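Participant: The structure follows.
Bear in mind that the values in this text are calculations on the coordinates, not laboratory data. Values in this document were obtained by computation on a predicted structure and should not be read as measured data. We place every Cβ from the backbone using ideal geometry, glycine too, and count neighbours over all the protein chains shown.
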Amino acid sequence: MGSSSVPNGDIATGNLPVPGRVASVYSEVQNSRLDHSLPLPSVLKSAFKVIDGPPSSAAGNPDEIAKLFPCLFGQPSAMLVPGNSAECLSGKNLKIGVVLSGGQAPGGHNVISGIFDYLQDRCKGSTLYGFRGGPAGIMKCKYVELNSQFIYPYRNQGGFDMIRSGRDKIETPEQFKQAEETALKLDLDGLVVIGGDDSNTNACLLAENFRSKKLKTKVIGCPKTIDGDLKCKEVPTSFGFDTACKIYAEMIGNVMIDARSTGKYYHFVRLMGRAASHITLECALQTHPNITLIGEEVADKKLTLKNVTDYIADVICKRAEHGFNYGVILIPEGLIDFIPEVQQLISELNEILAHDNVDEGGLWKKKLKDQSLQLFELLPPAIQEQLMLERDPHGNVQVAKIETEKMLIQMVETELEKRKQKDSYKGHFKGQSHFFGYEGRCGLPSNFDSTYCYALGYAAGALLNSGKTGLISSVGNLAAPVEEWTVGGTALTSLMDVERRHGKFKPVIKKAMVELEGAPFKKFASLREEWALKNRYISPGPIQFIGPVSDSLSHTLLLELGVQA
Ligand code: FBP
């Protein structure tokens, strides 16, 4: 089937066609991945049944979560265990919908393949609908019926283009009503929401809403985000993190060799990861850069922009003494948001932008507090402009658009100039800026992400088939061979806490930030001084799909699981 093409959209639904992929124009590597067979955890390979654990609580404020989720709060998590064949072959014809929500992450197509194959294997005659363009597809009832021919060219391939994604939220009563109408129209037994912390919170609200309205539609979430900040004991990692970090590590390794080859550049590399610095930390562990900034540490130590600049300049000066006028510096995308004085400035700017006209004469600046105004005036004009850009739908600064790496180059340059004049720096400095972000979100999924996603999807199918709702598909014991991976579903309400917004409690799945007491950060902290002055660069090269390292897991995961020291 290597040369098959995808039908353009689904005429039956009346939806606009999706330009499909044509496998005949795939590269040899892409083609070889199409038929790469995926191992399943052994519990999914033969007869299994679903058993319930003890009642659950919440990650914080259980009383408030109980009020927000009266139907679902306290429900147990579920585990798949070997059972008899009658229990797992329901014979039911299920109608299931699936949606991709939020930013792309390698492996999403395999979650869909996993759901599809589960239905083929265990519930013959079932239907899988793919909602197009994210949650808006549910609200507008835009879908495509997925069949094996449609899915095939996307197996083990990156991207979310099979059905595309979107960042809309289902939150108002009207939007919930639209979702109900779609569920009724398509007679849905279940819906799988593939998304990050916000999307899984939304999945749980949908599950609660459907249950309270006595709809038969059940909802299961799947943990997705390259940022790696949706994780807990039962959900050890979000998919996409592994592949994205391996792609960035290859690129970082390349600029390391470039730096060493010419000896004349400092490469300032900003890495994606909106809030948490997991990607930056993982890439540091994979490549050993000279300087790595971790946002959570910056916040913990309450560092100012000047402190951060001085730290970088100090290392550059010491390296110059050793004869190195080059290096590689990793910066997390969310850094700017972790610096307390910048946070203060941003929150004042948010208020001003929400309520005032920002006049060209700059009168609006009078509304800034003294300290914020001083900081604002200190920033390069390009960064000032980026801080004033349109906010995202949640009112937040779009950190992906703030070129922190360029700002730091300018600030470090100015600082080094001063030191030169005082004779305390005799080197030469030339910064090169990079942002590695979108490049990592749609690459060919690593063996780990391919297999993990397939198991997450297969498990989601099994959970829906056994009538479960409000759970997130959970696959564990990931350091063991795939056959020994555990499979189940964790109660979404058990991951939730509340935040007070506009005078009301809102449920949230708390983002998992880098823990400064956690094994990955501690390992990095124990090695960073050595990496700063002695060049210990590692250039891991491209992701391997066969051979000895092809199944390797991320350092973060291995360290968190206590498998790597
Ligand atoms: P998700 O949390 O939805 O997975 O998206 C994460 C992310 O890739 C961040 O790393 C980045 O800041 C953001 O998306 C970029 O968003 P957009 O795709 O809207 O530009």
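Participant: Hey, what do the phi angles of the stretch 459-469 turn into as Karplus ³J(HN,Hα) couplings, whole Hz, using 6.51/-1.76/1.60 and θ = phi - 60°, x for Gly and Pro?
Facilitator: Rounded to whole hertz, the list is 5, 4, x, 5, 5, 5, 4, 9, x, 7, 9.
Participant: Calculate the radius of gyration of the Cα atoms of the stretch 18-76 to one decimal place, then report Dmax, the largest Cα-Cα distance, as a whole number, both in Å.
Facilitator: Over the stretch 18-76's Cα set, Rg and Dmax evaluate to 22.0, 56 Å.
Participant: Next question. What is the distance in Å between the Cα centroid of the stretch 281-303 and that of the stretch 95-151?
Facilitator: 37
Participant: Kindly express, to the nearest 10 degrees and within the range 0 to 90, the angle between helix 519-533's C-alpha long axis and the longest C-alpha principal axis of the chain.
Facilitator: 30
Participant: Give me the Kirkwood hydrodynamic radius of the stretch 332-407 in Å, from all C-alpha pairs, to one decimal place? Write out the running numbers ahead of the final one.
Facilitator: Values: mean 1/r = 0.0789 Å⁻¹.
Radius from the Kirkwood sum: 12.7 Å.
Participant: Okay, next question. What do you get for the angle between helix 241-262 and the principal long axis of the chain? Use alpha-carbon atoms, 0 to 90 degrees, nearest ten.
Facilitator: Helix 241-262 sits at roughly 30 degrees to that axis.
Participant: Based on the Kirkwood radius over alpha-carbon pairs, what is the Stokes-Einstein translational diffusion coefficient of the stretch 202-255 at 20 °C with 1.002 mPa s viscosity, in µm²/s? Could you put the intermediate results ahead of the total?
Facilitator: Numbers: Rh = 13.5 Å.
Calculated translational D: 158 µm²/s.
Participant: Karplus couplings for the stretch 33-50 from phi (6.51 cos²θ - 1.76 cosθ + 1.60, θ = phi - 60°), rounded to Hz, Gly and Pro as x?
Facilitator: 6, 4, 9, 5, 7, 9, x, 10, x, 4, 5, 8, 7, 10, 5, 9, 9, 9
Participant: Can I ask one more? Dipole magnitude of the stretch 100-237 about its Cα centre, charges +1 at Lys/Arg Cβ and -1 at Asp/Glu Cβ only, in debye to the nearest 20? Before the final figure, lay out each step's value.
Facilitator: Numbers: 19 positive and 17 negative charges, 57 e Å.
It comes to approximately 280 debye.
Participant: What is the calculated FRET efficiency for Arg391 to Ser212, with r their C-beta to C-beta distance and R₀ = 25 Å, to the nearest 0.05?
Facilitator: Values: r = 32 Å, r/R0 = 1.30.
It comes out at approximately 0.15.
Participant: Using only Cα atoms, what is the ratio of the radius of gyration of the stretch 407-565 to 2.2 N^0.38 Å? Walk me through the numbers before you get to the answer.
Facilitator: Working: Rg = 22.5 Å, N = 159, 2.2 N^0.38 = 15.1 Å.
Normalised by 2.2 N^0.38 Å, the Cα Rg of the stretch 407-565 equals 1.49.
Participant: Continuing with the same structure: Just name one of Val298, Thr243, Leu285: the one whose Cα is farthest towards the positive end of the charge dipole of the stretch 165-299 (beta-carbon charges, Lys/Arg +1, Asp/Glu -1).
Facilitator: So the residue furthest toward the plus end is Thr243.
Participant: Then there is this: So for the stretch 497-565, considering every pair of alpha-carbon atoms, how many percent are separated by more than 14 Å?
Facilitator: Numbers: 1748 of 2346 pairs.
Taking all Cα-Cα pairs of the stretch 497-565, the fraction more than 14 Å apart is 75 percent.
Participant: How big is D for the chain, in µm² s⁻¹ as a whole number, if Stokes-Einstein is applied with the Kirkwood radius of its Cα pairs at 10 °C and 1.306 mPa s? Walk me through the numbers on the way to the answer.
Facilitator: Values: Rh = 24.9 Å.
In µm²/s, the coefficient rounds to 64.
Participant: Still on this structure, please answer the following. Quick one: helix 305-321 against the long Cα principal axis of the chain, what's the angle to the nearest 10°, folded into 0 to 90?
Facilitator: Computed tilt is about 70 degrees.
Participant: Then there's this: Calculate the translational D of the stretch 96-241 in whole µm² s⁻¹ from Stokes-Einstein, where the hydrodynamic radius comes from the Kirkwood formula applied to all Cα pairs, the temperature is 20 °C and the viscosity 1.002 mPa s.
Facilitator: 142
Participant: So who's got an amide H within less than 5 Å of the one on Tyr143, skipping anything under 5 residues away but keeping other chains? H placed 1.01 Å off N, in plane.
Facilitator: Residues meeting the criterion, in which the H sits 1.01 Å from N, are Arg132.
Participant: Rounded to two decimal places and with Rh computed the Kirkwood way over Cα pairs, what is Rg over Rh for the stretch 40-148?
Facilitator: On the way: Rg = 17.1 Å, Rh = 16.6 Å.
Rg divided by Rh gives 1.03.
Participant: Could you check the simple spin-label distance between Gln410 and Glu174, using points 7 Å along Cα→Cβ, in nm with one decimal?
Facilitator: Using points 7 Å along Cα→Cβ, the separation is 4.2 nm.
Participant: Let me ask something else about it. Which aspartates and glutamates have a Cα lying under 15 Å from the Cα of Lys264, excluding residues fewer than 8 positions away in the same chain?
Facilitator: Glu321, Glu413
Participant: Quick one: which residues, 5 or more positions from Gly327 or on another chain, have an amide H under 5 Å from its amide H? H modelled 1.01 Å from N in the peptide plane, none for Pro or chain starts.
Facilitator: Here the answer is Tyr265, Tyr266, His267, since their amide H atoms fall under 5 Å of that of Gly327.
Participant: Of Thr172, Thr127, Ile257, whose Cα points farthest to the positive end of the dipole of the chain (charges on the beta-carbon: +1 Lys, Arg; -1 Asp, Glu; origin at the Cα centre)?
Facilitator: Farthest along the dipole direction, towards plus: Thr127.
Participant: For the stretch 470-476, what does the Karplus curve 6.51 cos²θ - 1.76 cosθ + 1.60, with θ = phi - 60°, yield as ³J(HN,Hα) per residue in whole Hz, taken in order and with x for Gly and Pro?
Facilitator: Working through the residues one at a time gives x, 10, 10, 4, 10, 10, x Hz.
Participant: Continuing with the same structure: Simple spin-label model, 7 Å along Cα-to-Cβ: Leu527 to Lys420 in nm?
Facilitator: The two pseudo-label positions are separated by 3.4 nm.
Participant: Counting only residues 5 or more places away or on other chains, whose amide H sits under 5 Å from the amide H of Phe48 once H atoms are built in the peptide plane?
Facilitator: Gly83, Cys88
Participant: At R0 = 60 Å, how high is the FRET efficiency between Leu184 and Asp310 if r is their beta carbon distance? Nearest 0.05 is fine. Please report the intermediate quantities before stating the final value.
Facilitator: Working: r = 61 Å, r/R0 = 1.02.
Working from the Cβ atoms, E equals 0.45.
Participant: Give me the three principal axis extents of the stretch 363-454 from the C-alpha atoms, as integers in angstrom, largest value leading.
Facilitator: The principal-axis extents, from largest down, are 58, 42, 17 Å.
Participant: Distance between the C-alpha centers of the stretch 389-465 and the stretch 176-212? Whole Å please.
Facilitator: 32
Participant: Run the numbers on the stretch 241-301 and let me know its relative contact order in percent, using alpha-carbon pairs under 8 Å that are six or more apart. Mind showing how you got there, number by number?
Facilitator: Working: 34 pairs, mean separation 20.7, N = 61.
Worked out over the stretch 241-301, it gives 34 percent.
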